Protein chains: 2
Amino acid sequence: MTQLLRPALTGIALCLSLVPAHAAPPQGEGVAWDIVADLTTEIGPRLAGSPREAAARDWAVARLKALGFQNVRVEPFTIAGWVRGAESAALTGPYPQPLHITALGNSAPTPAGGLTAPVVYFASLDALKAAPAGSLAGKIAYIDHAFVASQDGSGYGPFGQARRQGPAIGASKGALAVVIRSIGTDRNRDPHTGGTSFPDGIKAIPAGAVSAPDADLIARIAGKGQAMTMHLVLEGHAVGELPSGNVLAELPGRDPSLAPVLLACHLDSWDLGTGAIDDGAGCGIIAAAALNVAKQGQPLRTIRLLWAGSEEVGVFGGAAYAKAHAAEPHALAMESDFGADRVWRVSFNLAEANKPLAERIAAALAPLGIPVNAAKAGGGADIGAIAKAQSAAVIDLDQDGTRYFDLHHTPDDTLDKIDPEQLAQNVEAWTRVVAIVANEAGAISGAAQ
Amino acid sequence: MTQLLRPALTGIALCLSLVPAHAAPPQGEGVAWDIVADLTTEIGPRLAGSPREAAARDWAVARLKALGFQNVRVEPFTIAGWVRGAESAALTGPYPQPLHITALGNSAPTPAGGLTAPVVYFASLDALKAAPAGSLAGKIAYIDHAFVASQDGSGYGPFGQARRQGPAIGASKGALAVVIRSIGTDRNRDPHTGGTSFPDGIKAIPAGAVSAPDADLIARIAGKGQAMTMHLVLEGHAVGELPSGNVLAELPGRDPSLAPVLLACHLDSWDLGTGAIDDGAGCGIIAAAALNVAKQGQPLRTIRLLWAGSEEVGVFGGAAYAKAHAAEPHALAMESDFGADRVWRVSFNLAEANKPLAERIAAALAPLGIPVNAAKAGGGADIGAIAKAQSAAVIDLDQDGTRYFDLHHTPDDTLDKIDPEQLAQNVEAWTRVVAIVANEAGAISGAAQ
């Protein structure tokens, strides 16, 4: 038992095994741990639209039913599919060196046999934006950046644009391909994948990310003003429509006339890792919290879980949910999709009239050392569409993201990265919040825009 | 300037740039940094016997001459060559999951198309040793172990036997292939390669190592008593004789009648990383220390550098050196081949008559916070043969190995893992010791066996 969590136990009956960090994981009674452990062991990588994502849906339905959830079902939809292929890269000049690369989602394939071209180095996305039109014809544009770790992960928004927008901007200036420094904060040789996109009117080109040590090599050579050439093989490519789906499950409330509380995570993962922190952990946390609340007595409002499909490749699941459930009122939505490290802060997007509700939640979280963020809750990808459409309330339990981008979208996203104690702290924080909102009789809604 | 190194500066003229940890690397004047930075940038991976190892020898000769060393030359030899090929693995049952694997040096290739077979899990090498003869026919033997990090790296000896001996033991019991948990202490998805060997009379079989997270997956499934099958592609294979060579360089002493002081590192690297900590750093440290000593005035004894070839695949360079220089007396040998983290201890193998010499060295190192190890110096791989043959003295400047086996023999062995300040501390410790031994007029020899 830890000092941190001791105060919690006096207030609420816990069904978690709280074990020291790095000790053996909870056995049996740890619903969150069991979900992420079994999902990563029995399914593993589950790319959106793939047979493994379908297997994950089957697994999820069986698990959620076994845990006692009701109305467990799959809501199918289709997505614009993309599959990975062979991928490799090497500097061919001035020094021959292999590079560790991975294709970005929605990358176009390189020609048969790959391509070899001069590299134009840009120290930032802004530098690429400033390149003259047509200046990249026949070239590989390389984008560097300075993303570093922070607790709130706030660098991911701006620096992640090198991945999200960089390839399309390079394409618009005639580049044959775009390669970026991985959007990550680690020093491993495993590059970070992630989605990019090409707006209408811009033809997709091959796009990949190299690992940080490879990016350092490129920066050292660029820093000396030496010309570089690169050979690139990225066979990932679009494949038309693929099947996907959301998994929904409920713990029905006592008053069906009240809008449900929506708790979301995503079930798909990038294909490189096993989707432990992104986002098996989130699915475990929300399921465990919902069950904890139910053990305190049937809640007033229905608690609905959304284990979304195809989040990584374009938030298809969140969009499909918002469309399918547009006619149904949603009072409040929460999402867990930022790893498994401890909740350190709570953020609200609540109407002024819900200030007392926010105060009760803050009081319940204070014994866990969780303060209130002055800034408004941003919500998450999968609840974004429905919350926006209905001006629903959003509460974020902000997780410590200091090491999240060491692992995010890499092969290193595996079960061993989850600290059982911090996972349990997440479940405890979620349990406290959901217990309050699911038993709130008054109207709940988001802040005025 | 750091607190740690301040005392040093009052005693000895330094030509190093001592910068804070993680600050910009030393510019220009940092000989050790420049060697490891340029070797990893301009050459990169340099597998024993490969064209890249040959390129590294050319690079080394040019660099050592430019630094002012004399008698710079290559002493060629040939080795039993091995080259890596395509490699991949997957569990096919009970759950289909890709595994991250790399072949061990001297692995035999899998048949065309790979092989698929049941896995027999052994929790340790001892468990494999206890398996009945013939019991592994048609099976893949899997060896787990419990290697954890320590400052002196002492777990590598015993636990590394799973890699060194495991495949041959598996083969002797009929196994189709042997797969091991990487001999490493990290949590990355990059498996650790390294040499294995098959004694005469035991036919080589495919042998590979999976990363720690993959090994954890296998252990979880084995822990539930579930049967596993694995698909294995390991195309690495022996290729007959290949050219290699040692690079030698000297700073001639004032008295050629005195036996030289031999300082060794190895120039080859495993092919997965760029050989920064293993062992570009060692080559930088010994060269920088030798130059520092020469700047204090021409030493009494010749200082000879041995940048050995083909260490990783069987210490061929050390053996070739011992054979080529058998007739030449060697008083003392030192080797740097354990990364670039700080020297924390000094170990001696010195004759009783050299006790005053040891005391002078200990006194020179004490201001750096380096105490004397009670145990005798073990020496290093490349100086082992010559030191043993001549009962030469050996002094080890023991480096902190706490994170060495996170990186050892993986793609993650890259320049960014080197802390310039700790590298500079190595050079300072080496400079102090070499300044004393290279100016020692009296006889120097190893302890009686």
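Values in this text are rule-based calculations from the coordinates and carry no lab data. What you see is a predicted model; the values in this text were computed from it and never measured. Backbone-built Cβ (ideal geometry, glycine too); neighbour counts: all protein chains shown.
Taking the axis that rotates chain A onto chain B, the chain A residue nearest to it by Cβ, with the distance rounded to whole Å, is A:Asn188, 3. Net charge of the neighbourhood of A:Gly49, taken over other residues with C-beta under 11 Å away and scored Lys/Arg +1, Asp/Glu -1, is -3. Inter-copy label distances for B:Val372: 6.6 nm (label point placed 7 Å from Cα along Cα→Cβ; shortest first). Within a straight-line Cα-Cα reach of under 13 Å, B:Lys224 can be paired with the following aspartates and glutamates, leaving aside sequence neighbours fewer than 8 residues apart in one chain: A:Asp38, A:Glu42, B:Asp216. Using only the Cα atoms of the range A:85-235, build the gyration tensor, take square roots of its eigenvalues as a ≥ b ≥ c, and label the shape rounded, prolate or oblate: rounded if a/c is under 1.5, else prolate if a/b is larger than b/c, else oblate. Rounded is the answer for the range A:85-235, as its axis ratio a/c remains below 1.5.
Projecting 7 Å from Cα along the Cα-to-Cβ direction, the label point of A:Gly113 sits 3.0 nm from its equivalents in the other copies, listed shortest first. Cut-off under 14 Å on the C-alpha distance; same-chain residues fewer than 8 positions from A:Lys65 excluded. Which aspartates and glutamates are left, in chain and number order? Within the straight-line cut-off, A:Lys65 pairs with A:Glu250. Only helical runs count toward this figure. For chain B, summing -39,500 (n - 2.57) over DSSP H runs of n ≥ 4 and dividing by all residues gives -8500 deg cm²/dmol at 222 nm. Beta bridges from DSSP with both residues in the protein assembly as shown: antiparallel share about 60 percent, rounded to the nearest 5. For the range B:197-245 versus the range B:374-388, the inter-centroid distance based on Cα atoms is 30 Å.
Pairs of C-alpha atoms in chain A farther apart than 29 Å represent 47 percent of all such pairs.
Helices of chain A meeting both criteria, an alpha-carbon length of 18 angstrom or more along the long axis and an average Kyte-Doolittle score not below 1.0, with helices taken as full DSSP H segments, are A:281-295. Report the trypsin sites (Lys or Arg not before Pro) located in the range B:173-246 that are in a DSSP loop and have at most 13 other Cβ atoms inside 10 Å of their Cβ, or state none. Passing sites in the range B:173-246 are B:Lys203, B:Lys224. The value of relative contact order for chain A, using C-alpha pairs under 8 Å at least six residues apart, is 22 percent. Distance between Cα centroids, the range A:72-93 to the range A:98-143: provide it in whole Å. Comparing the Cα centres of the range A:72-93 and the range A:98-143, I get a distance of 19 Å.
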